[in-house]
Structures are given as C-alpha cells and as structure tokens.
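K.L.:
Take this structure first; my questions come after.
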Amino acid sequence: MKKFNIFHIFFCFLAFVAFFGCSQPTAQTSKSVSFLIKSPNLKFNETGIVKFGENVRLEIYGSGVGVGVLNVGEKVCVSGVCFDKVAFNEKYLLRAHYGDFLSDILRGVPLYDGKNVVKNECGFSQNFDHMSYKVCAGTAEFRDEKNGIKIRIKDL
C-alpha cells in the first residue's frame, strides 16, 4: 500500500477547493407581476415574472404566451436587442437617467440615491420636477408627466 506524501495531500486540498470552495451559487428570487410601461417608443401592459439576481430579468407574458423579455444587466436588452443603459433610458424613457434607473424601479428601491424620499405607512415616495415615484404595498409606480412616461410594477 502506497503512503500519501505531502504533495498528494496538497493536491487533494487544491482539487477540493477548486470544485467546492469557490462555487457559491448566485441567489436568485422571482415574483409574478403585472407590468405596465407606457412611453412614446415602448408599450407593454401584461403580466410577467421578474427574476432578481446579479441581473434583473422581466419575462413578459400575454395570454400565457411569452411576448418579450427585458433583461437589465451590463446592458438593457429588450427581446434580444441590447442597448447601453443610458442609451436605453434616452431612447425609451426620453431622459438620460443614471444607468441602474430601470433596475431600481424593477427592484422597488429609491431612485437617485434616495433623493427627496418621504417614507409613509406602506413604503415611500419621491418627487422631482415633473417626475414622481411611489412604492407602496407591493406596487412601484414611476411617472414622468413631461415626457408621458408611466411604469408600474404590481406584485400578483
């Protein structure tokens, strides 16, 4: 019978670390939502599933059939067509909001680093010049009155 030397022990340790030690799965959660986005260049009013992980992915369904996918990661991709985040905002939201603007709405977190946040009994609201954003009881709603933009995500 062969004896293990220090090299074998070290090699086994490295193999163990390589296969198990560094492999931490990315936690991903999802929820069913009613999704509305109304802008001059993009319109959806459907149900969907939002998946949260490193990226935010919204799978949009109409009558139970997949009609689109909105993926917000390094870029914003709408049904396979990808844009730089700020370019997406300029084209579809008619304003060059910061890069994670859409992701923040989908996540239901305060916009613009929490500027003008007013907390209330069911969540919070924010008001900027001609824009308003409210998160309350499972519903996030953004409105840009000047540009005719409305985004609403409601938990089902």
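The values are calculated or read from the model by the stated rules, or taken from the named source; none is laboratory data. As the structure is a computational prediction, the values presented were derived from the model and not from experiment. With ideal geometry, Cβ positions are generated from the backbone for all residues, glycine too; neighbour counts draw on all protein chains shown. All accessible areas refer to the heavy atoms of the entire protein, side chains included, with ligands and DNA or RNA removed. Shrake-Rupley method; radii C 1.70, N 1.55, O 1.52, S 1.80 Å.
K.L.:
Kindly establish whether residue 17 is modelled with pLDDT of 90 or more, in a helix (DSSP H, G or I) and over 27 Å from residue 137 (Cβ atoms).
P.N.:
No; evaluated as a whole, the condition is false for this residue.
K.L.:
In addition: What is the one condition in (1) under 14 Å from residue 37 (Cβ atoms); (2) touching a residue at least 40 places away in the same chain (Cβ under 8 Å) that residue 78 does not satisfy?
P.N.:
(2)
K.L.:
So, one more: What are the residue pairs meeting all of these: first residue in region 135-154, first residue over 11 Å from residue 35 (Cα atoms), second residue among the small types (Gly, Ala, Ser), Cβ atoms under 7 Å, and 6 or more apart or on different chains?
P.N.:
135/108; 135/123; 136/123; 137/123; 143/132; 148/39; 149/39
K.L.:
Across region 104-142, what is the total count of residues that are at pLDDT below 95 and touching a helix residue (DSSP H, G or I) at 6+ places or on another chain (Cβ under 8 Å)?
P.N.:
Within region 104-142, residues that are at pLDDT below 95 and touching a helix residue (DSSP H, G or I) at 6+ places or on another chain (Cβ under 8 Å) number 1.
K.L.:
Same structure again: Does any residue in region 54-65 that is touching a residue at least 12 places away in the same chain (Cβ under 8 Å) come within less than 7 Å, Cβ to Cβ, of a residue that is assigned to a strand (DSSP E or B) and hydroxyl-bearing (Ser, Thr, Tyr) six or more places away or on a different chain, and which pairs are these?
P.N.:
61/47
K.L.:
Kindly provide the set of residues from region 20-40 that are among the polar types (S, T, N, Q) and either open to solvent by less than 70 Å² (accessible area, probe 1.4 Å) or at pLDDT below 90 (or both), ordered by number.
P.N.:
Hits for region 20-40 are 23, 24, 26, 28, 32, 34, 39.
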